[in-house]
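In what follows, a single structure is set out as structure tokens and then discussed.
The values are calculated or read from the model by the stated rules, or taken from the named source; none is laboratory data. As the structure is a prediction and not an experimental result, all values here were calculated from the model. Cβ placement follows ideal geometry from the backbone for every residue including glycine, while neighbour counts extend to all protein chains displayed.
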Amino acid sequence: VERLGELVPAGNAAGIVLIADGRAAEHWGEAAEASLSSIAPVHRLLVESGEPSKSLSVAASVLESMSKLEVRRDDLVVTLGGGMVCDLGGFVASVYHRGIRVVHVPTTLLAQADASVVGKTGLNLTSGKNLVGTFHHPVAVISDIATLGTLGERELLSGMAEVIKCGLACDPSLLSTLEVEREAVLARGPETLEEVVARSVEIKARLVFSDARDLSGERAMLNYGHTFGHALEAAGDYRRWLHGEAISVGMVFAAELAGHLGLLDEEGVSKHRGVLNDYGLPTQAEFSLVELMGHLAVDKKRRGRLRWVLLEALGRPVLYEEVSQADIEAAAAEVRA
Ligand SMILES: NC(=O)c1ccc[n+]([C@@H]2O[C@H](COP(=O)([O-])OP(=O)(O)OC[C@H]3O[C@@H](n4cnc5c(N)ncnc54)[C@H](O)[C@@H]3O)[C@@H](O)[C@H]2O)c1
């Protein structure tokens, strides 16, 4: 964070708008602002931390502030915070004056490994999450592993679920690293964390750039564990489970489903439970299947179909659309607490 002044590609920006998450700013805001001000005058816009800030009304008020500050087309938006602020700040940058440049400085593991990377922005509507959004690639993403030092334990582990997802679904060698280096990761050893973040980003970037607008199957592989996980998050009103926790249970569900369909062997299924348990992530949950089916039906209606990412082996994902109610019930029984 102290080196943002050297690292941010500011081009001919005459001003910088720092859109910062309140809690991230408590720890890192001053250092970021001090460093960025070596490039151009910085206007800090603070956003209250928490998912409710990812709304049209907060986006509108940030846009109004930018306009009052006379932010110009050549100026730069820098976001500081987790996935919430990346999504909100990315959205605002994508529509202000029909799009100005944005640099993300993600400060949660989830945002460093996942949310900041691929240029998707998002806001929530009352009827659901991420229903408004744009594609707007950041000109740079600058992840300082030191910022993870101030992150709460639950947030760190939730971010690990996305890293473990990359290992399980796309890269068995990353999975082995996560198994071997577990203690160093959990102790937030900077070198180990840097390695696992960098490898997750590489995987995500590779899949996403082969499928830039989210249309073919490649990008969908990153949704491993997300179909069931999203339903669980929705059933918990987005309060009970952090995203990564729901995805963790979702991945065990997907493994059980793949096992039930004869795709994935027993060893592959138990590997899921083993590594997620080792990282203190949930592998089962209390839920009503009827309620989850309701959320899955909404998802299906919205997207036109339900797609399940399942594994044929660790690191070998396939897309499945034909999954029966009986298959879902069988897998759900294995993850119900
Ligand atoms: N655009 C994408 O591709 C994409 C992908 C995945 C997730 N997301 C979005 O990301 C969001 C979740 O991201 P998240 O888990 O980072 O949540 P978040 O941004 O809400 O951050 C989690 C908590 O950590 C705090 N925080 C952030 N940095 C901190 C730091 N360094 N020290 C102490 N506290 C800190 C925040 O104030 C917040 O309370 C969701 O809105 C999700 O939809 C987007």
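Of the residues making up region 1-47, just one is over 26 Å from the mean Cα position of the chain (by Cα) and charged (D, E, K, R), namely Glu6. Considering Ser61, Ser53, the condition of being within 16 Å of the ligand (Cβ to nearest atom), among the hydroxyl-bearing types (Ser, Thr, Tyr) and more than 17 Å from Asp144 (Cβ to Cβ) is satisfied by Ser53 alone. For region 141-162, filtering for residues that are surrounded by fewer than 16 Cβ atoms within 10 Å (Cβ to Cβ) and more than 10 Å from the ligand (Cβ to nearest atom) leaves 1.
Selection of region 307-337 for residues being in contact with a Phe, Trp or Tyr (Cβ under 8 Å, 6 or more places away or on another chain), crowded, with 17+ Cβ neighbours inside 10 Å and at pLDDT 90 or above yields Trp308, Val309, Leu310, Leu311, Pro317, Ala331, Ala332, Glu334, Val335. Any chance region 17-25 includes a residue that's within 10 Å of the ligand (Cβ to nearest atom) and closer than 17 Å to Ser94 by Cα? Yes - at least one qualifying residue is present in region 17-25. Residues satisfying the criterion are absent from region 173-180 (criterion: away from the ligand (no atom under 11 Å from the Cβ), more than 22 Å from Gly250 (Cβ to Cβ) and touching a Leu at 6+ places or on another chain (Cβ under 9 Å)).
Among the numbered conditions (1) away from the ligand (no atom under 14 Å from the Cβ); (2) on the phi > 0 side of the Ramachandran plot; (3) in contact (Cβ under 8 Å) with a residue 40 or more places away in the chain, the only one that Asp74 does not meet is (2). Filtered by the rule that a residue be within 16 Å of the ligand (Cβ to nearest atom), among the charged types (D, E, K, R) and either closer than 20 Å to Glu245 by Cβ or outside any helix (DSSP H, G or I) (or both), region 181-203 gives a lone residue, Arg188. Among the residues of region 86-136, those that are outside any helix (DSSP H, G or I), more than 30 Å from Lys301 (Cβ to Cβ) and more than 8 Å from the ligand (Cβ to nearest atom) comprise Gly99, Ile100, Arg101, Val102, Val103, His104, Val105.
The number of residues in region 312-337 that are over 24 Å from Cys170 (Cα atoms), in contact (Cβ under 8 Å) with a residue 12 or more places away in the chain and part of a loop (DSSP other than H, G, I, E, B) comes to 1. Please count how many residues of region 116-140 are out of contact with any Pro (no Cβ under 7 Å at 6 or more places or on another chain), of a type in the set (Gly, Ala, Ser) and either crowded, with 24+ Cβ neighbours inside 10 Å or modelled with pLDDT of 95 or more (or both). Total satisfying the criteria: 2. Out of everything in region 19-68 that is among the β-branched types (Val, Ile, Thr), touching a residue at least 40 places away in the same chain (Cβ under 8 Å) and in a strand (DSSP E or B), what residue ends up being nearest to His104 (Cα to Cα)? Residue satisfying both the conditions and the ranking: Ile19. Summed over region 243-280, the residues that are surrounded by 22 or more Cβ atoms within 10 Å (Cβ to Cβ) and in a loop (DSSP other than H, G, I, E, B) give a count of 1.
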